[in-house]
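Enquirer: Below is a structure I'd like to ask you about.
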Amino acid sequence: MKRFLIVILTVMLVVFLFNSCAKKVKTVPETTKVEQVDETAPKVEKPKLTEEEIFLQKSLDEINKEGNLKKINFDFDKYTIREDMKGVLHKNADWLLKHSSVVFSIAGHCDERGTVEYNMALGEKRADAAMKYLLDLGIPANRMKIVSFGKNNPLVKGVDEKTHFMNRRDEFIIVKK
Amino acid sequence: MGKFFKIGLLTIALVIVLSSNSFSQEEIKVRITEGIPMIPVALPQFDYTEASQVDGNVLKDLYETIWDDLEYSRVFKLVPRQYFTYIGKLDQENIVFKDWASVQARVLITGKVEITNGDRIIFSVKVYEVETGKIIFKRNFAGRKEFTRLIAHRTSDEMMKHFGEKPYFTSKIVFVSTRDGNKEIYIMDYDGGRQKRITFNSYIDLMPSWSKDGENLLFTTYKKGIPDLVKFNLYSGKTDLISSGGVNYRADWSNEEDKLVYTSSKNGNNAEIYLREMDSGKEKRLTFNRIIDSSPCWSPNGKEIAFTSQRSGTPQIYIMNEDGTNVRRITYEGTYHDNPAWSPDGSRITYVSRIEGRFDIYVLNIKNNSMTKLTEMSGRNENPAWSPDSRHIIFTSNRTGNYQLYSIDYNGENLIKLTRRGENLMPKWQKIE
């Protein structure tokens with residue numbers, strides 16, 4: 001009996017000890033969690049300029065130098081719009097519709113192979129032809145002016161057909177934005 | 001600028017006052033008509049005071065300018081100088097007219113040049129009929145040295161007057177030149193002497209023409225970016241706007257009344273012809289269509305207008321009455337005609353034709369419908385304008401590479417180059433009565 005008691009006590013001690021020992025092992029393990037320190041800043045930054053705003057900051061000279069409005073050329077002694085120039089006028093019209101504040105001047109020019117007088121009239125007819133075409137494409141008349149320079153302001157000097165072709169032209173010049 | 005003109009005018013006035021001094025006792029008048037052979041004139045060297053001899057330029061300028069004027073006139077023919085060596089030296093106090101008759105001279109011009117105060121020229125000229133020894137006229141002209149050429153031209157003008165011709169040697173030519181950078185207006189003597197800039201608009205000035213009194217110019221200026229027609233007073237420097245809107249150009253002032261014709265597109269982007277009364281400012285449109293009508297010019301009597309129209313499909317020359325009625329076409333050959341200019345005597349119209357890409361100047365005799373081609377195979381020839389006596393045409397040509405002004409006789413003879421600096425275009429000769 002006595003022996004039985006000792007065993008019991010020992011077991012109890014062992015269990016006790018084991019228990020207490022086990023308790024020690026079971027202590028909470030150290031976690032490696034990183035705390036985020038954060039703050040949502042209000043999103044204020046320099047806004048990108050709209051195309052229109054960029055446009056308004058430029059001088060007329062700068063805009064004209066960019067060449068957004070392309071020249072068109074004409075056949076000798078003619079003021080009808082050539083088929084291959086219609087695309088140019090459509091592109092010009094697209095740009096003009098996008099920049100609706102722009103007022104521009106269409107300047108008609110001729111090559112040197114006519115008289116001064118006749119070319120003054122012909123240059124005007126050329127400018128007028130482009131104006132009418134742009135009217136049909138929805139550009140209001142009050143945004144367009146026309147002027148003829150006849151053969152007084154050739155773009156290039158020369159006597160060959162290539163030169164003449166380059167000089168027979170309408171130029172589109174922005175005069176107000 | 002205005003000052004220069006005033007001085008010029010004053011000198012002319014002075015010359016006139018001096019020349020009208022009581023020398024008229026023995027003067028005779030000689031009248032010639034076209035077709036009569038040119039009158040042979042002897043022009044021996046002038047006598048001079050010592051001071052005049054020292055200033056050789058004055059003597060030379062006076063003599064050569066008169067020589068060139070008379071040669072240019074096509075009224076006089078100068079007896080070649082070498083003939084003078086066959087006869088005795090001229091003694092102005094004792095002229096041997098037989099000698100001058102022997103070298104075929106019909107008229108003898110003698111002159112004396114004197115310089116006083118170092119700057120003042122007095123030129124005394126006596127002109128004789130060789131056959132009779134009678135004085136045709138004599139004059140004393142005086143002026144500052146800088147007006148030597150003007151004194152010479154005045155002398156030549158006297159010759160013209162006494163032979164029933166228009167005295168145009170003191171008249172001016174207005175033109176456009178690029179010599180100072182851009183196209184500006186200039187004037188010069190009829191022979192290309194004393195060229196002077198008139199406008200300083202720093203842009204394009206074009207197609208000048210004269211008022212009938214010679215005091216005003218009409219021209220097109222791009223000063224405001226568009227081709228406006230303005231009137232410019234040479235003496236006050238004042239500019240008046242005549243027409244604006246569209247293109248406005250090629251104005252011609254009538255001889256008879258104060259009215260002008262010009263080209264404008266102010267009513268709808270198409271060149272039309274307008275008539276304007278200068279006093280009232282009243283305007284009348286003379287052409288109505290959707291094709292180009294341009295380049296109007298008056299007939300000398302102010303009743304008709306020659307102009308260019310594309311109504312047949314190509315630019316051709318037409319004539320209409322001053323109210324726009326009775327339009328008739330005068331050019332048929334070729335597909336491109338422009339620049340009509342009516343001769344002051346009413347008999348001819350000069351114009352430019354483009355044939356196979358070449359621009360040449362033609363003269364149409366409207367009495368017998370005969371046509372003369374004045375220029376051939378030598379560059380582009382444009383902007384013909386008449387001399388006041390209808391014997392010469394001035395025009396621009398790029399025959400030497402760039403555009404210069406030339407004079408040519410109405411029959412295509414005697415081509416003379418008048419300008420050299422820059423490009424020179426659109427000449428118009430001053431109108432004289």
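Enquirer: Quick check on my link table: of A:145/B:196; A:78/A:176; A:86/A:157; B:60/B:196; B:183/B:303; A:151/B:417, which ones sit more than 28 Å apart, alpha carbon to alpha carbon?
Expert: Over 28 Å Cα-Cα: A:145/B:196; A:78/A:176; B:183/B:303.
Enquirer: Next up: Any chance you could give the angle, 0 to 90 degrees and rounded to 10, that helix B:2-19 forms with the longest Cα principal axis of chain B?
Expert: Approximately 40 degrees, to the nearest 10.
Enquirer: Mind checking the per residue accessible area of the protein assembly as shown for me, 1.4 Å probe, whole number of Å²? Each step should come with its number before you reach the end.
Expert: Values: 30000 Å² over 610 residues.
Solvent-accessible surface per residue comes out at 49 Å².
Enquirer: Further question: Between chains B and A, what is the buried accessible area summed over both chains (1.4 Å probe, protein heavy atoms, nearest 100 Å²)?
Expert: It comes to approximately 2500 Å² buried between B and A.
Enquirer: Can you tell which of B:265, B:387, B:312 shows the greatest fluctuation in a Gaussian network model of chain B with Cα springs below 10 Å?
Expert: So, out of B:265, B:387, B:312, the one fluctuating most is B:312.
Enquirer: Over chain B, calculate the relative contact order: mean separation of alpha carbon pairs under 8 Å at least 6 apart, over the residue count, as a percent.
Expert: Working: 1041 pairs, mean separation 43.7, N = 433.
So the answer I get is 10 percent.
Enquirer: Can you give me the long-range amide H partners of residue B:265? Hydrogens built in the peptide plane at 1.01 Å from N, cutoff under 5 Å, separation of 5 or more residues or another chain.
Expert: B:247, B:272
Enquirer: Helix-only estimate, please: 222 nm mean residue ellipticity of chain B, summing -39500 (n - 2.57) across DSSP H runs of length 4 or more and dividing by its residues, to the nearest 500. Kindly include the intermediate steps, with their values, before the conclusion.
Expert: On the way: 5 runs with 62 residues, N = 433.
Taking each H run of at least 4 residues, the total per residue is -4500 deg cm²/dmol.
Enquirer: Additional query: Could you compute how much accessible surface residue A:61 exposes when probed at 1.4 Å, giving the result in Å² to the nearest 10?
Expert: Spelled out: residue A:61, probe radius 1.4 Å, area about 110 Å².
Enquirer: Using every pair of alpha-carbon atoms in the stretch A:71-177, split the distances into 5 Å bins beginning at 0 and state the percent of pairs per bin, rounded to integers.
Expert: 2, 14, 25, 24, 17, 11, 5, 1
Enquirer: Let me ask you something else. Per 0.36 nm of contour for each residue apart, how much would the distance between residue B:86 and residue B:345 grow if the chain were fully extended, relative to their Cα-Cα spacing?
Expert: On the way: separation 259, 0.36 × 259 = 93.24 nm, distance 4.10 nm.
In short, 89.1 nm is gained.
Enquirer: Give the carbon-plus-sulfur fraction of the accessible surface of the protein assembly as shown in %, rounded to a whole number; probe 1.4 Å, heavy atoms of protein chains only. List each step's numbers first, then the result.
Expert: Working: 15880 of 30000 Å².
Reported share for carbon and sulfur atoms: 53 percent.
Enquirer: Here's another thing I want to ask about it. Do you know which residues of the stretch A:93-124 lose at least 40 square angstrom of accessible area in the protein assembly compared with their chain on its own, with a 1.4 angstrom probe?
Expert: A:112, A:113, A:115, A:116, A:117, A:118, A:120, A:121, A:124
Enquirer: Let me ask another. Taking the Cα atoms only, what angle lies between the long axis of helix B:148-162 and the longest principal axis of chain B, rounded to 10 degrees?
Expert: Compared with the principal axis, the helix lies near 90 degrees.
Enquirer: Taking only the Cα atoms of the protein assembly as shown, how large is their convex hull per residue, in Å³? Intermediate values should be presented prior to the final figure.
Expert: Details: hull volume 174.0 nm³, N = 610.
For the protein assembly as shown, the hull spanned by Cα atoms encloses 285 Å³ per residue.
Enquirer: So, one more: Working from Cα positions, state the angle (0 to 90°, nearest 10) between the long axis of helix B:56-73 and the longest principal axis of chain B.
Expert: 60 degrees
Enquirer: Under a no-solvent Debye model with one identical scatterer per Cα of the stretch A:112-167, what's log10 I(q)/I(0) at q = 0.22, 0.31 Å⁻¹?
Expert: -0.85, -1.16
Enquirer: Only Cα pairs under 8 Å and at least 6 apart count here; give the relative contact order of the stretch B:272-378 as a rounded whole percent. Don't jump to the answer; show the numbers that get you there.
Expert: Details: 229 pairs, mean separation 16.6, N = 107.
Relative contact order of the stretch B:272-378: 16 percent.
Enquirer: What do you get for Rg/Rh over chain B if you use C-alpha atoms and the Kirkwood form of Rh? All intermediate terms of the calculation are to be shown ahead of the outcome.
Expert: On the way: Rg = 23.2 Å, Rh = 23.2 Å.
Expressed as Rg/Rh, it is 1.00.
Enquirer: When ranked by the protection proxy of mean other Cβ atoms within 10 Å per residue, highest first, what sequence do the peptides B:225-231, B:326-332 form? Walk me through the intermediate numbers first.
Expert: Values: B:225-231: 21.3, B:326-332: 13.7.
Going by the mean number of other Cβ atoms within 10 Å, highest first, we get B:225-231, B:326-332.
Enquirer: Here is a further query. Determine one quarter of the surface area of the Cα convex hull of the stretch B:174-429, which equals its mean projected area, and express it in nm² to one decimal. Kindly include the intermediate steps, with their values, before the conclusion.
Expert: Details: hull surface 51.9 nm².
Projected over every direction and averaged, the Cα hull of the stretch B:174-429 covers 13.0 nm².
The values are calculated or read from the model by the stated rules, or taken from the named source; none is laboratory data. What you are looking at is a predicted structure, and each value in this text was computed from that prediction instead of being measured. Please note: Cβ atoms are built from the backbone with ideal geometry, for glycine as well, and neighbour counts cover all protein chains shown. Calculation scope for accessible area: heavy atoms of the full protein, side chains included, ligands and nucleic acids excluded. Shrake-Rupley method; radii C 1.70, N 1.55, O 1.52, S 1.80 Å.
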